[in-house]
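Input: a single structure, listed below in structure tokens.
The values are calculated or read from the model by the stated rules, or taken from the named source; none is laboratory data. Keep in mind the model is a prediction, meaning the values are calculated, not measured. All Cβ positions, even for glycine, are placed from backbone atoms using ideal geometry, and neighbour counts span all protein chains on display. Side chains included, ligands, DNA and RNA excluded: accessible areas come from the protein's heavy atoms. Shrake-Rupley method; radii C 1.70, N 1.55, O 1.52, S 1.80 Å.
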Amino acid sequence: MQIENMSNLFSHDAADFVGAKPEAVLKNVFGYSEFRAGQKEIIQNILSGRDTLAVMPTGGGKSLCYQIPALIFSGVTIVVSPLIALMQDQVGALKEAGVNAVFLNSSLEYEEYVQTIKSIKSGEAKLIYVSPEGLATERVKNIFRETNLKVSCITIDEAHCISEWGHDFRPDYLEIASFRKEFPDAPCLALTATATKQVRQDVLKNLDLKNASVLVSSFNRKNIFLQVQPRIDGTRQIISFIENHKDESGIIYCLSRKEVDSLAEELQAQNFSALPYHAGLSDEVRSENQKKFIRDQVDIMVATVAFGMGINKPNVRYVIHFALPKSIEQYYQEIGRAGRDGLPSTALLLYSAGDAHRVRYFFREKDEEESFKSEKLLQAMLDFANARKCRRQVLLNYFGEKYEPKLCAENAANSENQFCCDICEGGGIKNQDVTIPVQKFLSCVYRVHERFGAAHIIDILLGSRNQKITKNNHNFLSTWGIGTELSKQAWFELVDAMENAGIIKRTGDYNVITVTSLGKEILSNRDKVELPVRIDFESQKKAQLAFPKKQAILRKRSEISDSLQNDAQPQNLAARLKLWRKKTAEENNIPPYYIFSDKTLTELANKKPATRSELYAIHGIGEVKAEKFGDAILKVISLDDA
């Protein structure tokens, strides 16, 4: 109840900004001096009454595109949102900014429900969040019918859920179009971060958007570094990664509940602050674990895909995928939960060829058409994971956006941003002469009659005597043990390169390796083969994958991060401001980022405002937050100068 009490003390009246200019609302309510790319055009469309489909990257500021018009309109804005956690997060953040917003869902106790209905009927609530399932019920529909509310706008968040080509299709979204017909004068805003051309067409059709404006922002999240590693020892690789990201917030996605529990337990045993999240846990445990994560009481959330859509936590510094996602849309949305504050962040994908088989396992219950769609989405994800060129270029091309890798190097050189991906950071993957190892691999494939996967063939080449090899007498093959000049990691790297070049292909549920016509030609003609591989043939007898971990590169990233903080003294002040924020958040029973983002604290530490008026020049400080927290902030800053 503390959050309610505090919000009542510092809030805007429902009529405060009716008819105001968007720029005034942006600054006075949300504390921002300028719009992000695409926001203003979307807002102007809605204010002019035009239906709009807006595709913006996760973290691109989609929420403001309907929250600002909601305050300018005289009526209410209905926001259709798919998850309870998402609604609660949005409403909680709005209340901290002094905006009266409510949600209608099953989490409300009776007294809360009565108070919410009262707020709606009185016209105090400017935004009403409801789930697509709730919107389909007569009870919720009657609330809007009987109260004679003026509905000024209907917003559909996560609009890709209405498309069967989307990665998270939800049949309840198909009922939204009929609800819209009851309020024909209210413009509709459909928002999503992940929509290919096919998905966009579905959204327009299924929502019955008339003469709609389709605005597609850049999908390029410059602050997210894209990295893919072959998963050799996934747990060890993750531990190695997070050791370099101590005390930072991160999300690790796994395919199964068992993997979530196992990895969370291992991280806890290694003294990392980590908790699990999956559908097998009780509602109470999931809710408590999520609360601890968003309130910075735990650093790492190990989860299945069930976690994250309702998380608006801005200071997530990394997202790790323990295995291959089922589509680029899913991957893009999940990595978008990192770096929402615009600061440097990392997306690490650990990938094994067997992942595709595991993903296809989930296709079994689908009909032929659905399986075709799923396979097409998976293949695009495989192309990204196996990319031999700039990963950002591959990712953006999938969404129909062009990208020149040279821009990445230019930005990094100017310290404007980090490199965009591991391939560009390492200077690209150079072609190398791999004729001999390719011949050995293809010969081995023939000798096992194209009946086994890559892992088994590599074990033969390395001279393994595991049970599967001895059972099949493969330790007596002429190719047994002839490939020890390369490490297992290097062989997997070479396999990916060969598949990408069309020399071999994986077939069937078990990813059996077969040789293509090109591969047969190479082997019979003894052609020279050059492929882009990250294998150091010269300096090591047993090649190791040369992942870019040079000290110069690490220093480069450190310099980029430091440039955001300036000198050592502001960093100390920023730390004290974070402690103040955490204490204040705990006292008011809210997540720390409801108060201020890390970006706001960094700017406070750098600029050291000394008066209330100077606070208004800081990113993220609007009128209500200046009133609530201004004196406390100025006191922390003044103690720093004492």
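Points worth noting:
- Per residue value of the accessible surface for the chain (all protein chains in place, 1.4 Å probe), Å²: 44 Å²
- Using alpha-carbon coordinates, inclination of helix 84-96 to the longest axis of the chain, degrees: 50 degrees
- Equivalent ellipsoid dimensions for the range 427-500 as semi-axes, Å, which come from the Cα gyration tensor, largest first: 23, 12, 11
- Pairs from the table (Lys141/Lys181; Lys27/Lys599; Lys373/Lys402) lying more than 18 angstrom apart at Cα are Lys373/Lys402.
- Note on Glu266 and Lys121: the extension gain reaches 47.1 nm, defined as 0.36 nm multiplied by sequence separation minus the Cα-Cα distance.
- Here Lys471 and Lys376 are evaluated by their C-beta separation; at R0 = 30 Å the FRET efficiency comes out at 0.20.
- Within the chain, helix-based [θ] at 222 nm, where runs of 4 or more DSSP H residues each add -39,500 (n - 2.57), nearest 500: -13500 deg cm²/dmol
- Dividing the radius of gyration of the alpha carbons in the range 217-296 by their Kirkwood radius gives 0.99 for Rg/Rh.
- Segment Glu243-Glu368, length gained on full extension (0.36 nm per residue, minus Cα span): 40.5 nm
- Trypsin sites (Lys or Arg not before Pro) restricted to the range 328-365 and DSSP loop, no more than 13 other C-beta within 10 Å: Arg364
- The chain: angle of helix 435-447 to the longest principal axis, Cα-based, in degrees nearest 10: 80 degrees
- Charge context of Gly49, other residues only, Cβ under 15 angstrom, K/R +1, D/E -1: +1
- Descending semi-axes in Å of the range 241-358, equivalent ellipsoid built from Cα gyration tensor: 19, 17, 15
- Principal semi-axes in Å for the range 55-175 [√(5λ), Cα gyration tensor, largest first]: 22, 18, 14
- Taking the 1.4 Å solvent-accessible surface of the chain as the whole, the part contributed by carbon and sulfur is 48%.
- The range 14-54: C-alpha pair distances exceeding 13 Å, %: 58 percent
- Each label was represented as a point 7 Å from its Cα along the Cα-to-Cβ direction; for Glu138 and Arg447 these points are 7.5 nm apart.
- Beta bridge orientation in the chain: antiparallel %, DSSP, nearest 5: 15 percent
- On a per residue basis, the convex hull of the C-alpha atoms belonging to the chain measures out at 167 Å³.
- Compared with the dominant Cα axis of the chain, that is its longest principal axis, helix 197-206 is turned about 40°.
- Look at the alpha carbon pairs under 8 Å that are at least 6 residues apart: their mean separation over the length of the range 203-341 gives a relative contact order of 28 percent.
- The simple spin-label model puts a point 7 Å past each Cα toward its Cβ; for Glu164 and Ala20 those points are separated by 4.6 nm.
- Reachable aspartates and glutamates from Lys40, criterion Cα separation under 16 angstrom, eight or more residues apart if same chain: Glu23, Asp51
- Where chymotrypsin sites (Phe, Trp or Tyr not before Pro) in DSSP loops with at most 16 other Cβ within 10 Å are excluded, longest remaining stretch of the chain: 1-361
- Cα radius of gyration and Dmax for the range 299-395 (Å): 14.4, 43
- Label point distance in nm, Ser478-Thr235, each placed 7 Å from Cα along Cα→Cβ: 4.2 nm
- Diffusion coefficient, µm² s⁻¹, Stokes-Einstein with Kirkwood Rh over alpha-carbon pairs of the range 441-541 at 25 °C and 0.890 mPa s: 175 µm²/s
- Links that overshoot a 30 Å alpha carbon limit, given the list Lys62/Lys205; Lys95/Lys292; Lys366/Lys389; Lys258/Lys366; Lys222/Lys326; Lys118/Lys628: Lys366/Lys389
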